[in-house]
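Colleague: What follows is a structure written as structure tokens; I'll ask about it next.
The values are calculated or read from the model by the stated rules, or taken from the named source; none is laboratory data. Values in this document were obtained by computation on a predicted structure and should not be read as measured data. Cβ coordinates were reconstructed from backbone atoms using ideal geometry, including for glycine residues, and neighbour counts include every protein chain displayed.
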Amino acid sequence: MQEANSTTSACMFCGTRLRHTFVDLGMSPLCESFVPREKLNHMEPFYPLHVYVCEKCFLVQLEEYVSPEEIFTEYAYFSSFADSWVEHMRRYADMISDRLALTRTSLVLEVASNDGYLLQHFMRKGIPVLGIEPAANVAKVAVEKGVPTLVKFFGERTARELVAEGKQADLVCGANVLAQVPKLNDFVKGLKIVLKPGGVVTIEFPHLMKLMAENQFDTIYHEHFSYFSWYAAKQIFAAHGLTLFDVEELPTHGGSLRIYARHQEDETRPVTERARELMRRELAAGVDRLETYAHFAEQVKETKRKLLEFLIAAKRAGKKVVGYGAPGKGNTLLNYCGIRTDFLDFTVDRNTYKHGKFLPGTHVPIHPPEELRRARPDYVLILPWNLKDEIVEQVSYIREWGGKFLIPIPEVTVID
Ligand SMILES: [Zn+2]
């Protein structure tokens with residue numbers, strides 16, 4: 001594996017100097033920074049998307065280039081806009097309330113509670129909740145719904161403040177927060193402090209082994225500082241006195257883990273067989289060997305070549321190609337592959353906030369979905385490929401004029 005010569009950064013968990021590149025996706029703008037028309041001629045900041053793997057603990061991580069305050073204090077993503085996600089979390093609330101036998105005297109604490117999309121389900125059951133959310137605009141929506149929310153970053157300090165007020169939680173939960181934590185040790189230490197003796201922490205995050213196996217390199221962006229295997233997560237929690245005792249494998253975000261943690265000294269919850277089995281599977285896949293990670297970068301380059309080959313051939317044959325969606329992952333893909341309006345005339349999205357704006361970096365215009373009927377494209381490239389079944393169904397009318405769908409990941413595929 002090549003030694004990276006550009007970084008003096010240390011592993012955010014164990015402090016070892018980062019020397020091994022996992023993948024280098026070049027320079028990219030922040031994936032949520034959509035460009036309004038009047039700013040098309042302005043300078044746009046680009047930051048490196050260079051991911052390393054730590055040779056000691058095998059945590060895969062981005063060097064921190066952008067301050068978390070810049071990304072997260074005013075955030076455009078509202079969880080409640082995605083129906084399937086809200087449903088996913090409703091089922092979680094039912095399952096975990098039963099499993100932990102939560103009552104009116106329990107406390108559920110959610111870190112990165114967004115607009116209250118999850119905590120509202122516990123509230124309906126009469127279980128007391130508290131949300132912690134750093135993005136003030138999003139937290140405001142939660143408070144208006146009646147979900148108690150503190151506008152703060154979570155870590156050791158916030159945890160100590162809560163304990164001083166007599167607040168410790170029976171359940172501490174978080175979904176899609178761990179990858180976005182810049183101070184990982186401080187965050188996990190906070191979980192340990194705020195957890196009641198006998199309490200449980202559950203955290204969901206995209207599974208690194210799935211990212212590698214299915215070539216999901218476009219899920220790498222500046223907002224995601226780290227990418228976890230079960231193996232790495234287990235070490236990080238253990239270092240702070242928390243034992244991972246159970247795990248569920250979920251289909252969300254292309255394949256996620258929901259990990260369960262408890263205090264090391266709490267022996268009432270033994271480590272489950274499915275947790276041991278996942279560890280065996282990861283070790284068999286080479287989670288603790290650098291060579292395993294070395295293959296990924298080449299796989300990513302080959303995906304780019306194949307996608308470009310397809311698009312070049314399509315354009316030479318006079319085909320019209322447009323995009324569907326404007327997700328973060330689409331911006332990584334298009335910027336890394338250099339796909340601009342020379343290949344994609346435009347993209348469409350259901351979110352009205354994005355209409356009339358342009359994708360960061362590539363400046364592909366974003367239109368409402370109706371534009372597809374007017375343009376009658378030969379190919380529609382689906383950027384949020386994790387929702388491809390839903391989208392193919394919604395937009396099946398492109399078949400009326402012989403239109404086809406293109407899926408970029410794990411490798412370019414045509415759906416008639
Ligand atoms: Zn490390």
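Colleague: Could you check the range 289-386 for helices (runs of 4 or more DSSP H) lying wholly inside it with 3 or more residues that are of a type in the set (S, T, N, Q)?
Modeller: Ranges flagged: 290-316, 328-337.
Colleague: Taking the criterion of being closer than 30 Å to P408 by Cα, surrounded by 22 or more Cβ atoms within 10 Å (Cβ to Cβ) and aromatic (F, W, Y), would at least one residue in the range 195-215 satisfy it?
Modeller: Yes.
Colleague: Check whether at least one residue in the range 197-213 is assigned to a helix (DSSP H, G or I) and charged (D, E, K, R), and report yes or no.
Modeller: yes
Colleague: Determine, yes or no, whether N386 is over 30 Å from E38 (Cβ atoms) and at pLDDT below 95.
Modeller: yes
Colleague: Residues being crowded, with 18+ Cβ neighbours inside 10 Å, part of a loop (DSSP other than H, G, I, E, B) and modelled with pLDDT under 95: count how many of those fall in the range 134-165.
Modeller: 3
Colleague: Hey, A284 hits all of (1) within 26 Å of Y52 (Cβ to Cβ); (2) surrounded by 15 or more Cβ atoms within 10 Å (Cβ to Cβ) but one; which does it fall short on?
Modeller: (2)
Colleague: I've got another one for you. What's the number of the condition R90 fails, among (1) at pLDDT 95 or above; (2) of a type in the set (D, E, K, R); (3) surrounded by 14 or more Cβ atoms within 10 Å (Cβ to Cβ)?
Modeller: With respect to (1) at pLDDT 95 or above; (2) of a type in the set (D, E, K, R); (3) surrounded by 14 or more Cβ atoms within 10 Å (Cβ to Cβ), R90 is out only on (1).
Colleague: Further, regarding this structure: Out of all the residues in the range 174-196, which are hydrophobic (A, V, I, L, M, F, W, C) and assigned to a helix (DSSP H, G or I)?
Modeller: Those that are hydrophobic (A, V, I, L, M, F, W, C) and assigned to a helix (DSSP H, G or I): L178, A179, L184, F187, V188, L191, I193, V194.
Colleague: Which residue out of F81, F34 is more than 16 Å from the ligand (Cβ to nearest atom), surrounded by 20 or more Cβ atoms within 10 Å (Cβ to Cβ) and modelled with pLDDT under 95?
Modeller: Just a single option satisfies the conditions, and that option is F34.
Colleague: If you don't mind, there's one more thing I want to ask. Just to verify a result, which residue in the range 37-64, among those that are charged (D, E, K, R) and within 16 Å of the ligand (Cβ to nearest atom), is modelled with the lowest pLDDT?
Modeller: For the range 37-64, the residue satisfying everything is E64.
Colleague: Somewhere in the range 97-111, is a residue in a helix (DSSP H, G or I) and either more than 18 Å from H263 (Cβ to Cβ) or in contact with an Asp or Glu (Cβ under 9 Å, 6 or more places away or on another chain) (or both)?
Modeller: Yes, the range 97-111 contains at least one residue that is in a helix (DSSP H, G or I) and either more than 18 Å from H263 (Cβ to Cβ) or in contact with an Asp or Glu (Cβ under 9 Å, 6 or more places away or on another chain) (or both).
Colleague: Also, I was wondering about something else. Are there any pairs with C-beta distances below 6 angstrom linking a residue in the range 391-412 that is within 18 Å of G330 (Cβ to Cβ) to a residue that is of a type in the set (S, T, Y), with the two at least 6 apart or on different chains, and if so which?
Modeller: Here the result reads I391/Y324; L406/Y379; I407/T413; E411/T303, each pair linking the range 391-412 to a residue that is of a type in the set (S, T, Y).
Colleague: Restricting to the range 1-31, and then to whatever is among the polar types (S, T, N, Q) and within 14 Å of the ligand (Cβ to nearest atom), can you tell me which residue is modelled with the lowest pLDDT?
Modeller: T7
Colleague: Could we say that A101 is on the phi > 0 side of the Ramachandran plot, modelled with pLDDT of 95 or more and not polar (S, T, N, Q) here?
Modeller: Criteria met by A101.
Colleague: A further question follows. Pick from the range 231-261 the residues that are assigned to a helix (DSSP H, G or I) and at pLDDT below 95: which of them is nearest to A285 (Cα to Cα)?
Modeller: We begin by selecting, within the range 231-261, every residue assigned to a helix (DSSP H, G or I); these are 231-238, 252-254.
Those left that are additionally at pLDDT below 95: 252-254.
Working: T252: 22, H253: 21, G254: 18 Å.
The residue in question is G254.
Colleague: Further question on the same structure: Given the conditions (1) surrounded by fewer than 21 Cβ atoms within 10 Å (Cβ to Cβ); (2) within 23 Å of K56 (Cα to Cα), report the number of the one that Y353 does not fulfil.
Modeller: Evaluating Y353 over (1) surrounded by fewer than 21 Cβ atoms within 10 Å (Cβ to Cβ); (2) within 23 Å of K56 (Cα to Cα) leaves (2) as the failure.
Per-residue answers, yes or no, for (1) of a type outside the set (S, T, Y); (2) out of contact with any strand residue (DSSP E or B) (no Cβ under 9 Å at 6 or more places or on another chain); (3) surrounded by 15 or more Cβ atoms within 10 Å (Cβ to Cβ):
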| position | (1), (2), (3) |
| --- | --- |
| Y293 | no, no, yes |
| A317 | yes, yes, no |
| V321 | yes, no, yes |
| A326 | yes, no, yes |
| T341 | no, no, no |
| D349 | yes, no, yes |
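Colleague: Considering only the range 91-131, state which residues are more than 15 Å from G174 (Cα to Cα) and of a type in the set (D, E, K, R).
Modeller: Listed by number, the residues that qualify are D94, D98, R99, R104, R124, K125.
Colleague: Do we have L278 as out of contact with any Gly (no Cβ under 9 Å at 6 or more places or on another chain), buried (at least 19 other Cβ atoms within 10 Å of the Cβ), touching a residue at least 24 places away in the same chain (Cβ under 8 Å) and in a helix (DSSP H, G or I) here?
Modeller: Spelling it out, L278 is indeed out of contact with any Gly (no Cβ under 9 Å at 6 or more places or on another chain), buried (at least 19 other Cβ atoms within 10 Å of the Cβ), touching a residue at least 24 places away in the same chain (Cβ under 8 Å) and in a helix (DSSP H, G or I).
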